[in-house]
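Chemist: Encoded as structure tokens, here's the structure I'll be asking about.
The values are calculated or read from the model by the stated rules, or taken from the named source; none is laboratory data. Every value quoted in this text rests on a predicted model; they were computed, and no experiment measured them. Cβ placement follows ideal geometry from the backbone for every residue including glycine, while neighbour counts extend to all protein chains displayed. Keep in mind that these areas ignore ligands, DNA and RNA; they rest on the heavy atoms of the full protein, side chains included. Shrake-Rupley method; radii C 1.70, N 1.55, O 1.52, S 1.80 Å.
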Protein chains: 2
Amino acid sequence: MKLDELYALLRRRGFLWPTAEIYGGAQGLYDYGPLGTALKRRLEEAWVSWFVGRSPDYYRIEPAEIVPEAVVRASGHLENFTDPEITCDACHATFRAETVLEKVRPNGIDGLAPAQIEEVVRSHQVRCPSCGSTALSVPAAFNLMFDVPFGVARTERAYLLPETAQASYLAFARMWEVGRKALPLGIAVVGRVYRNEIAPRQVLFRLRSFTQAELQIFFDPEEPPGHLGSLADEKVPVLRAERRERGEGSVELVPARELVAGGLPEFYVDHLVHLLRFLRDVLRYPAERIRFFEKSDKERAFYNRLQFDAEVYTESLGGFKEVGAVHYRGEYDLRRHAEGSGKDLSVSRGTDRRLVPHVLELTFGVDRNLWTLADVLLGRDGDRTVFRLPAYLAPVAVGVFPLIAKEHRAVAEALTEQLLAAGIPAEYDEASSIGKRYARMDEAGTPFCVTVDGGTVGEGPEHGTVTLRSRDTKGQERVPAAELVARLAPALRPPRPSGS
Amino acid sequence: MKLDELYALLRRRGFLWPTAEIYGGAQGLYDYGPLGTALKRRLEEAWVSWFVGRSPDYYRIEPAEIVPEAVVRASGHLENFTDPEITCDACHATFRAETVLEKVRPNGIDGLAPAQIEEVVRSHQVRCPSCGSTALSVPAAFNLMFDVPFGVARTERAYLLPETAQASYLAFARMWEVGRKALPLGIAVVGRVYRNEIAPRQVLFRLRSFTQAELQIFFDPEEPPGHLGSLADEKVPVLRAERRERGEGSVELVPARELVAGGLPEFYVDHLVHLLRFLRDVLRYPAERIRFFEKSDKERAFYNRLQFDAEVYTESLGGFKEVGAVHYRGEYDLRRHAEGSGKDLSVSRGTDRRLVPHVLELTFGVDRNLWTLADVLLGRDGDRTVFRLPAYLAPVAVGVFPLIAKEHRAVAEALTEQLLAAGIPAEYDEASSIGKRYARMDEAGTPFCVTVDGGTVGEGPEHGTVTLRSRDTKGQERVPAAELVARLAPALRPPRPSGS
């Protein structure tokens, strides 16, 4: 679907809407309604199950989203977390530099100083998007963090977290004590972060408040985590930086073992494959819409030794969009916070080694993936609109209908309650025809519907059975109501990575 | 336990620690570690199950936590969300007025203007807590909201939400369309809110960032929600405002029907009872530690027609502390936002009535209750320390131990994985003696432990069975491992209100 059509559908069904909608909304902020809230929570659970569930030494924490200034000074955000802009001296409009320079610098302007950006503007004779003038200038960079100074006089400087990762780095020393004092140690956060975006846009893709799911794996580079094992033949869709720089822009499907043979560390490729399997096998993005875009030395942040962004092709946004990434950050983060805090963050390995652990970071944008799920899995199928979410992501797992409300309501309501009591998200619906009820559930992504009818409540051979209808096949079968929980529950649990 | 002892235990076990601990912490901010995060999530789920699960017309949403200025202007927070302070003209220290005046005004200073507070200071000859001077003054009130202006020039004024309730009021019009267009309609939020507290203290009781769980029930006052039914004889521990004003400060146990006979609306009493049952029967706070403290006309905010604060006696904080409340807010909120936004928020009832719905608000402080659970349920039992959490709140539901690691590890690890795959939070532990493993699980609140031993892996009559040990009784029994899921799962689901 096109962006407007998809957004209108999600808004009408109460997946999401603009924050403070009755006041005309607020740029870059959205509220999730009942279906969106449930989908978001299940998406988060699936991520936790797949990534945090990979090791008993990986832990989930929930940090506060405000940190004192010393933290963002040490992390470099105070100095570098900027979004350069361009102002027009003729019409006084202001724009994000990256947006204005999209055509002349398609790989972005990360790392360029204002003077260098001004040089790009001059050399390409870039014009103001608003009035067409070439009298453009690049002011001193503007920090994207929100500051929330504490106290009456607001003298204690503090900031809303711009990324969850910092909270995990801060927690490392405590978690070393709380855990087994062993590496690798994983610390995951699913939490809100905040950025004062100059130009929020593309609905859930550039927000001022959004949810990241990130796992930081602290490890000893001499014993890095992850071996390909049986997954060595997995074909990884990569767009290598070197090839791109040679002008060869197409995706290659490269077996994991060849990526290792070509020089990427095995632990790193292992995590690319793990992320690929999550996107393809757990979220069910079609394989051909996924690619791993390697950032070159010049494109990635200087502390990242390796960076592949996971991108998914979204029709509504007209291109591949980043939905996650794998960053090998080395020892940069713990070293900076050791310097900033004055606390030794090195750990003992065996009897005579101490080291500052390296960090492998797995990032995942929860809001972006929620949108991408809708983009990829929600669409027309003949005369119906179907959201083909995996059962374990569906906001409502089972729709429960009485065929005739006044005759079958009591049994259908009791069945709904039984399912809910067993932890299965069920929803009772008696409004309008069965066909219309199916249509509503299809649109909401509900994988199963059960109908209570005369057979269920009668004394005949169908006594106690209900019609179970599948969203995807539209097939119907007769099933004893008492067996529904045992039959449906396994499909409703998010996959775990064990056995990989 | 005393506050310091309890806090030290929770910190050591990784329930929580100060944010940015390696930088010396940040006042009024805490991070939840693995056990705290799991407990917090389960507590939130229990709240949702009990309150949102009460009606299919009650919905959970997840709003952004930033709102434009027009919202907090309409809600009154821009003008009134203040925490008066007192400064000392001699030593220049600053204090929360409520704290300094605790002894002379035990019921607080809500609603007093700075001049009135200054009058209280003069008339009681209050002294500076720091230097003892009586040269105290009361400056203009200080707003507790954090402002996060948007954009390069920060000209779009916006604020971090000071309470989740406002997000539900903003969502009413959209949810009316998304839902059944019927009253009562419930909108719940479990979310973070932010307050620039002058003096954060008492660990999780006065925070700068904290989580509220709030349900706003929009209803027609002619058909209010809730009937006592079979709960009319429930004894409600109340401290009525009128009695307090007469100097009779003790709690009475009053049957619900008598509260109604005495003039409280039945729907209101019904919700007091529902909250009482949650605190007593779901969270398992001892009945004698719970009371409902009625705020008088003078004590409650002017828009609250009725307010009872639910308070629980906490040993660590040395007194009854508010952990939730039931507010009858009338039509104040929707009327203010209708005026502020210019949007008609009245709805049709039948063919010829329109009304602005009234609001019944159920509030619940997630962090405060997490602390209170630890205060009330975590303690010494002979020579062990036990956290007697209900099974459905326990961070770890089942500890799985091999009796002898090298002999029973494989079977115990496989059993752990089976439990996890069935959605049961299980944790494998092979470190040190079985007794020490029980002790660690007791402290973490784990209700069940299973041990794999020679009988499990042998060919004898105990083949396939494990020892199941109960935290509370310390009793042990032999159970087939294959039956564990079916046996434990029902105790791990939070109670639902159906059948009440």
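Chemist: Identify, please: which residue in region A:368-396 is closer than 16 Å to A:Leu279 by Cβ and not aliphatic (A, V, I, L, M) and is, among those, most open to solvent (accessible area, probe 1.4 Å)?
Modeler: A:Arg388
Chemist: From (1) surrounded by fewer than 20 Cβ atoms within 10 Å (Cβ to Cβ); (2) within 11 Å of A:Glu311 (Cα to Cα), pick out the condition that doesn't hold for A:Arg291.
Modeler: (1)
Chemist: Further question on the same structure: Is at least one residue of region B:491-499 within 14 Å of another protein chain (Cβ to nearest Cβ), in contact (Cβ under 8 Å) with a residue 24 or more places away in the chain and open to solvent by 60 Å² or more (accessible area, probe 1.4 Å)?
Modeler: Yes, there is a match, as at least one residue in region B:491-499 is within 14 Å of another protein chain (Cβ to nearest Cβ), in contact (Cβ under 8 Å) with a residue 24 or more places away in the chain and open to solvent by 60 Å² or more (accessible area, probe 1.4 Å).
Chemist: Of all the residues that make up region A:315-344, how many are within 12 Å of chain B (Cβ to nearest Cβ) and touching a Pro at 6+ places or on another chain (Cβ under 8 Å)?
Modeler: Residues in region A:315-344 being within 12 Å of chain B (Cβ to nearest Cβ) and touching a Pro at 6+ places or on another chain (Cβ under 8 Å): 1 in total.
Chemist: Taking region B:255-273, which residues are closer than 24 Å to B:Ser498 by Cα and open to solvent by less than 60 Å² (accessible area, probe 1.4 Å)?
Modeler: Selection gives B:Pro255, B:Ala256, B:Leu259, B:Val260, B:Pro265, B:Phe267, B:Tyr268, B:Val269, B:Asp270, B:His271, B:Leu272, B:Val273.
Chemist: Against the definition (in a loop (DSSP other than H, G, I, E, B), hydrophobic (A, V, I, L, M, F, W, C), out of contact with any strand residue (DSSP E or B) (no Cβ under 6 Å at 6 or more places or on another chain) and under 30 Å from B:Glu177 (Cα atoms)), how does B:Leu345 come out, yes or no?
Modeler: Criteria met by B:Leu345.
Chemist: As an exercise: evaluate A:Gly151 against (1) of a type outside the set (Lys, Arg); (2) surrounded by fewer than 21 Cβ atoms within 10 Å (Cβ to Cβ); (3) over 30 Å from B:Thr37 (Cα atoms) and give the number of the one condition it does not meet.
Modeler: Exception for A:Gly151: condition (3).
Chemist: Something else now. Mind listing just one residue for me: the one in region B:463-481 that is of a type in the set (D, E, K, R) and in a loop (DSSP other than H, G, I, E, B) and, of those, most open to solvent (accessible area, probe 1.4 Å)?
Modeler: Checked region B:463-481; the qualifying residue most open to solvent (accessible area, probe 1.4 Å) is B:Lys474.
Chemist: State whether the residues of region A:439-452 include one that is at pLDDT 95 or above, more than 14 Å from chain B (Cβ to nearest Cβ) and over 37 Å from the mean Cα position of the chain (by Cα).
Modeler: yes
Chemist: Mind checking whether some residue in region B:99-109 is of a type in the set (Asp, Glu) and either in contact with a His (Cβ under 9 Å, 6 or more places away or on another chain) or touching a residue at least 12 places away in the same chain (Cβ under 8 Å) (or both)?
Modeler: Checked against the condition, which is being of a type in the set (Asp, Glu) and either in contact with a His (Cβ under 9 Å, 6 or more places away or on another chain) or touching a residue at least 12 places away in the same chain (Cβ under 8 Å) (or both), region B:99-109 yields no hits at all.
Chemist: Also, quick follow-up: Quick check on region B:177-228: of everything there that is among the aromatic types (Phe, Trp, Tyr) and out of contact with any Pro (no Cβ under 9 Å at 6 or more places or on another chain), which residue is nearest to the other protein chains (Cβ to nearest Cβ)?
Modeler: Within region B:177-228, the match that is nearest to the other protein chains (Cβ to nearest Cβ) is B:Phe210.
Chemist: Can you find even one residue in region A:455-469 that is under 25 Å from B:Arg60 (Cβ atoms) and of a type outside the set (S, T, N, Q)?
Modeler: There is no residue in region A:455-469 that is under 25 Å from B:Arg60 (Cβ atoms) and of a type outside the set (S, T, N, Q).
Chemist: Of the conditions (1) outside the structural domain of A:Glu443 (by TED's automatic domain parsing); (2) hydrophobic (A, V, I, L, M, F, W, C); (3) open to solvent by 10 Å² or more (accessible area, probe 1.4 Å), A:Val359 clears all except one; give me its number.
Modeler: Of (1) outside the structural domain of A:Glu443 (by TED's automatic domain parsing); (2) hydrophobic (A, V, I, L, M, F, W, C); (3) open to solvent by 10 Å² or more (accessible area, probe 1.4 Å), only one is false for A:Val359: (3).
Chemist: Now for a different question. Looking only at region A:198-222, how many residues end up being more than 13 Å from the chain's Cα centre (by Cα), more than 19 Å from A:Phe15 (Cβ to Cβ) and open to solvent by 10 Å² or more (accessible area, probe 1.4 Å)?
Modeler: Here the count works out to 4.
Chemist: Scanning for something surrounded by 17 or more Cβ atoms within 10 Å (Cβ to Cβ), in contact (Cβ under 8 Å) with a residue 60 or more places away in the chain, more than 10 Å from chain A (Cβ to nearest Cβ) and not in a helix (DSSP H, G or I), does region B:408-416 turn up at least one residue?
Modeler: There is no residue in region B:408-416 that is surrounded by 17 or more Cβ atoms within 10 Å (Cβ to Cβ), in contact (Cβ under 8 Å) with a residue 60 or more places away in the chain, more than 10 Å from chain A (Cβ to nearest Cβ) and not in a helix (DSSP H, G or I).
Chemist: Which count do you get for residues in region A:202-247 that are of a type outside the set (A, V, I, L, M, F, W, C) and at positive phi?
Modeler: Going through region A:202-247 one residue at a time, the tally reaches 4.
Chemist: Would you check which residues across region A:282-316 are of a type in the set (A, V, I, L, M) and either in contact with a His (Cβ under 6 Å, 6 or more places away or on another chain) or at pLDDT below 95 (or both) and list them?
Modeler: If the condition is that a residue be of a type in the set (A, V, I, L, M) and either in contact with a His (Cβ under 6 Å, 6 or more places away or on another chain) or at pLDDT below 95 (or both), then A:Ala301 is the only one that fits.
Chemist: May I ask you to verify whether A:Arg246 is out of contact with any strand residue (DSSP E or B) (no Cβ under 8 Å at 6 or more places or on another chain), open to solvent by 10 Å² or more (accessible area, probe 1.4 Å), basic (Lys, Arg) and more than 30 Å from A:Trp371 (Cα to Cα)?
Modeler: yes
Chemist: Now for a different question. Keeping to region B:418-448, report how many residues are open to solvent by 50 Å² or more (accessible area, probe 1.4 Å), among the charged types (D, E, K, R) and in a helix (DSSP H, G or I).
Modeler: Residues in region B:418-448 being open to solvent by 50 Å² or more (accessible area, probe 1.4 Å), among the charged types (D, E, K, R) and in a helix (DSSP H, G or I): 2 in total.
Chemist: Being assigned to a helix (DSSP H, G or I), at pLDDT below 95, touching a Phe, Trp or Tyr at 6+ places or on another chain (Cβ under 9 Å) and not small (Gly, Ala, Ser) is the requirement here; does B:Leu78 meet it?
Modeler: The answer is yes for B:Leu78.
Chemist: Among the candidates A:Ala165, A:Ala171, single out the residue that is facing another protein chain (nearest Cβ under 10 Å), surrounded by 23 or more Cβ atoms within 10 Å (Cβ to Cβ) and in contact with a strand residue (DSSP E or B) (Cβ under 6 Å, 6 or more places away or on another chain).
Modeler: Going through A:Ala165, A:Ala171 in turn, just one is facing another protein chain (nearest Cβ under 10 Å), surrounded by 23 or more Cβ atoms within 10 Å (Cβ to Cβ) and in contact with a strand residue (DSSP E or B) (Cβ under 6 Å, 6 or more places away or on another chain): A:Ala171.
Chemist: How many of the residues in region B:138-160 are touching a Pro at 6+ places or on another chain (Cβ under 7 Å) and either modelled with pLDDT of 90 or more or charged (D, E, K, R) (or both)?
Modeler: 5
Chemist: Further, regarding this structure: Looking at the structure I just gave you, is A:Asp281 touching a residue at least 60 places away in the same chain (Cβ under 8 Å), open to solvent by 60 Å² or more (accessible area, probe 1.4 Å) and more than 29 Å from A:Gly76 (Cβ to Cβ)?
Modeler: Yes, satisfied.
Chemist: Check off (1) modelled with pLDDT under 95; (2) within 28 Å of B:Arg208 (Cβ to Cβ); (3) crowded, with 17+ Cβ neighbours inside 10 Å for A:Val126 and give me the number that stays unchecked.
Modeler: Every listed condition holds for A:Val126 apart from (2).
Chemist: May I ask you to list pairs of residues, at least six apart or on different chains, whose Cβ atoms are under 9 Å apart, with the first in region B:263-274 being within 11 Å of B:Leu306 (Cα to Cα) and the second being in a helix (DSSP H, G or I)?
Modeler: B:Leu264/B:Leu272; B:Tyr268/B:Leu259; B:Tyr268/B:Val260; B:Val269/B:Ala256; B:Val269/B:Arg257; B:Val269/B:Leu259; B:Val269/B:Val260
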